[in-house]
1. For region 93-116, what are the residues that are in contact with a Phe, Trp or Tyr (Cβ under 8 Å, 6 or more places away or on another chain) and of a type in the set (Ser, Thr, Tyr)?
2. State the number of residues belonging to region 87-108 that are part of a loop (DSSP other than H, G, I, E, B) and either in contact with a Cys (Cβ under 8 Å, 6 or more places away or on another chain) or not hydroxyl-bearing (Ser, Thr, Tyr) (or both).
3. Determine which single condition LEU90 fails, assuming it passes every other condition in (1) in contact with a Phe, Trp or Tyr (Cβ under 6 Å, 6 or more places away or on another chain); (2) closer than 19 Å to PHE42 by Cβ; (3) hydrophobic (A, V, I, L, M, F, W, C).
4. Which condition does ASN73 not pass, out of (1) assigned to a helix (DSSP H, G or I); (2) among the polar types (S, T, N, Q); (3) more than 12 Å from the chain's Cα centre (by Cα), if it passes all the others?
5. Keeping to region 43-52, report how many residues are surrounded by fewer than 17 Cβ atoms within 10 Å (Cβ to Cβ) and under 14 Å from ALA116 (Cβ atoms).
6. Only one of these is within 23 Å of ARG148 (Cβ to Cβ), of a type in the set (A, V, I, L, M) and touching a Ser or Thr at 6+ places or on another chain (Cβ under 6 Å): LEU109, LEU77. Name it.
7. For region 122-160, what are the residues that are assigned to a helix (DSSP H, G or I), surrounded by 10 or more Cβ atoms within 10 Å (Cβ to Cβ) and of a type in the set (Ser, Thr, Tyr)?
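The values are calculated or read from the model by the stated rules, or taken from the named source; none is laboratory data. All figures in this text were calculated on a predicted structure; none of them were measured in a lab. Glycine also receives a Cβ, built like all others from the backbone with ideal geometry; neighbour counts cover every protein chain displayed. Accessible surface is based on the protein model in full, side chains and every heavy atom, while ligands, DNA and RNA are left aside. Shrake-Rupley method; radii C 1.70, N 1.55, O 1.52, S 1.80 Å.
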Amino acid sequence: MDKLRRVLSGQEENEELGLTAQVLDASTLSYSTRLKWFVICFAAGILCSILGTALLFLPGGIKLFAVFYTLGNIAALSSTCFLMGPLKQLKRMFEPTRLIATIVMLLCLVLTLCAAFWWNKRGLAIIFCILQFLAMTWYSISYIPFARDAVMKCFTTCLS
């Protein structure tokens, strides 16, 4: 259990923590506090996404949908900063195994808002939200060992 706490807090044995990393790290919070805020932030993200989806069906609700859905995904993504710290979160987001998923996810977040606010294209905003969901899912399963391989194997098996 101690190893799990060290990994989630970003304090692995072989990693040197400088003053900058300590300031940017969430290690000053207790483990239970970090876990509580993770759950709160993640639940708020899910709630925003669900609320955004419900607002889609209101007249002119595409802008509210785009904002709430995007904020929900950002909140859910940010929730892991409470577990491992913001600096380690950013480092892990841009590791080679997650780089493409991270770029696609961040690009879709921006493009969803652009489609809703500047281009006024309802269908395009919905497509970008679907892509947000898929990129966020692909990014999330990258943290589970061999999960991407299992998903790809299942996908190729279903297609053949």
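1. THR102, THR112 - these are the residues of region 93-116 that are in contact with a Phe, Trp or Tyr (Cβ under 8 Å, 6 or more places away or on another chain) and of a type in the set (Ser, Thr, Tyr).
2. Step one: of region 87-108, the residues part of a loop (DSSP other than H, G, I, E, B) are 94-98.
Filter once more, keeping what is either in contact with a Cys (Cβ under 8 Å, 6 or more places away or on another chain) or not hydroxyl-bearing (Ser, Thr, Tyr) (or both): 94-96, 98.
Count: 4.
3. Condition (1) is where LEU90 drops out.
4. (3)
5. Total meeting the criteria: 0.
6. That would be LEU109, the only listed residue that is within 23 Å of ARG148 (Cβ to Cβ), of a type in the set (A, V, I, L, M) and touching a Ser or Thr at 6+ places or on another chain (Cβ under 6 Å).
7. THR137, TYR139, SER140
Residues are listed down the side, and each one gets a yes or a no for (1) open to solvent by 80 Å² or more (accessible area, probe 1.4 Å); (2) over 29 Å from ILE130 (Cα atoms); (3) at pLDDT 90 or above:
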{"residue": "GLY18", "(1), (2), (3)": "no, yes, no"}
{"residue": "VAL23", "(1), (2), (3)": "yes, yes, no"}
{"residue": "ILE62", "(1), (2), (3)": "no, no, no"}
{"residue": "CYS81", "(1), (2), (3)": "no, no, no"}
